[in-house]
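Just below is one structure, and these are the notes that go with it.
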Amino acid sequence: MIASLSVMAREASASPITELKGTTLGCFGTGCGVFAAVTNDSTYGLTFTGVSPFDVFTDAGGTAANVPLGTFSRANVNVPESTPALDFSLAVTFSLPLGIAGDPSSILSAVIRGTSVGGGGPLDVDFDNAWQLLTYWNGSGTGSFEFAVLNDLDVNKNGSGNILGALRNLTFRPDSEPVNETATVPEPSTLILLGTCVAGAIRRRRTASKMR
């Protein structure tokens, strides 16, 4: 009998610990066209300050939490609940991992509202918490991950709040597919048989030499 030994040459897919790096810009209002590292809205007394850069690493499971994406600070301004809601857009541009399509890589939206009649209460910053799928190619393979803002903020007068992102399901697949190399390994009985055949052949050669 012949036994087979299969060797996996390389992994086809992995979730390696990966560095994520990037910058954030913000824009107040509907239909934002111009994003800035620092921007403000006088009606709400809000100032957004982006991050340049954020720099985090995923864990071995392909996730990362508490990714800093920027800060809202609020002046001493009252915003009654009757004030029209304020739209906000957060533009996230990843510089790592390399090869993410699009600039910015992702735009995350939020709606900001006053929460009290007199306007002295906190502002509610309500982000769309849906996960966005991003893909990338870095020259040696392709990967993907999901990204979202999961925290919603309450920003008090003369106070501030941090925007935190999260990442999950990061995967990476090398361009080279896995190679299965199968080598045939003779079992002991086969080795003995081969050895016996070789020894017999040697004896026959020696006998023929003596007869000459």
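The values are calculated or read from the model by the stated rules, or taken from the named source; none is laboratory data. All of these numbers come straight from a predicted model, not from anything done at the bench. For neighbour counting, all protein chains shown are included, and Cβ atoms are generated from backbone atoms with ideal geometry for every residue, glycine included. Ligands, DNA and RNA are excluded from the accessible area calculation, which covers all protein heavy atoms including side chains. Shrake-Rupley method; radii C 1.70, N 1.55, O 1.52, S 1.80 Å.
Quick notes on this structure:
- Enumeration of residues in region 84-110 that are aliphatic (A, V, I, L, M), under 26 Å from the mean Cα position of the chain (by Cα) and open to solvent by less than 40 Å² (accessible area, probe 1.4 Å): Leu90, Ala91, Val92, Ile100, Leu108, Ala110
- Residue check for Arg10: among the charged types (D, E, K, R) and modelled with pLDDT of 95 or more: no
- Residue in region 117-128 that is open to solvent by 50 Å² or more (accessible area, probe 1.4 Å) and within 16 Å of the chain's Cα centre (by Cα) present: no
- Residue ID - farthest from Leu150 (Cα to Cα), chosen from residues in region 114-127 that are out of contact with any Ser or Thr (no Cβ under 8 Å at 6 or more places or on another chain) and not in a loop (DSSP other than H, G, I, E, B): Ser116
- Among the residues making up region 19-40, a single one is touching an Asp or Glu at 6+ places or on another chain (Cβ under 6 Å), of a type outside the set (A, V, I, L, M, F, W, C) and in a strand (DSSP E or B): Lys21.
- Taken over region 92-107, residues that are part of a loop (DSSP other than H, G, I, E, B) and free of Cβ contacts under 8 Å to residues at least 40 places away in the same chain amount to 3.
- Leading residue by the ranking (farthest from Gly22 (Cα to Cα)) among those in region 129-151 that are among the β-branched types (Val, Ile, Thr) and surrounded by fewer than 18 Cβ atoms within 10 Å (Cβ to Cβ): Thr142
- Residue match in region 45-53 (condition: open to solvent by 30 Å² or more (accessible area, probe 1.4 Å), more than 27 Å from the chain's Cα centre (by Cα) and within 29 Å of Gly121 (Cα to Cα)): yes
- When Gly114 is tested against (1) surrounded by 20 or more Cβ atoms within 10 Å (Cβ to Cβ); (2) under 29 Å from Thr142 (Cα atoms), just one condition goes unmet, and that condition is (2).
- Residue within region 164-180 that is assigned to a loop (DSSP other than H, G, I, E, B), under 24 Å from Ser52 (Cβ atoms), open to solvent by less than 60 Å² (accessible area, probe 1.4 Å) and modelled with pLDDT of 90 or more present: no
- Matching residues in region 30-40 - criterion: being surrounded by 11 or more Cβ atoms within 10 Å (Cβ to Cβ) and either β-branched (Val, Ile, Thr) or at pLDDT below 95 (or both): Cys32, Val38, Thr39
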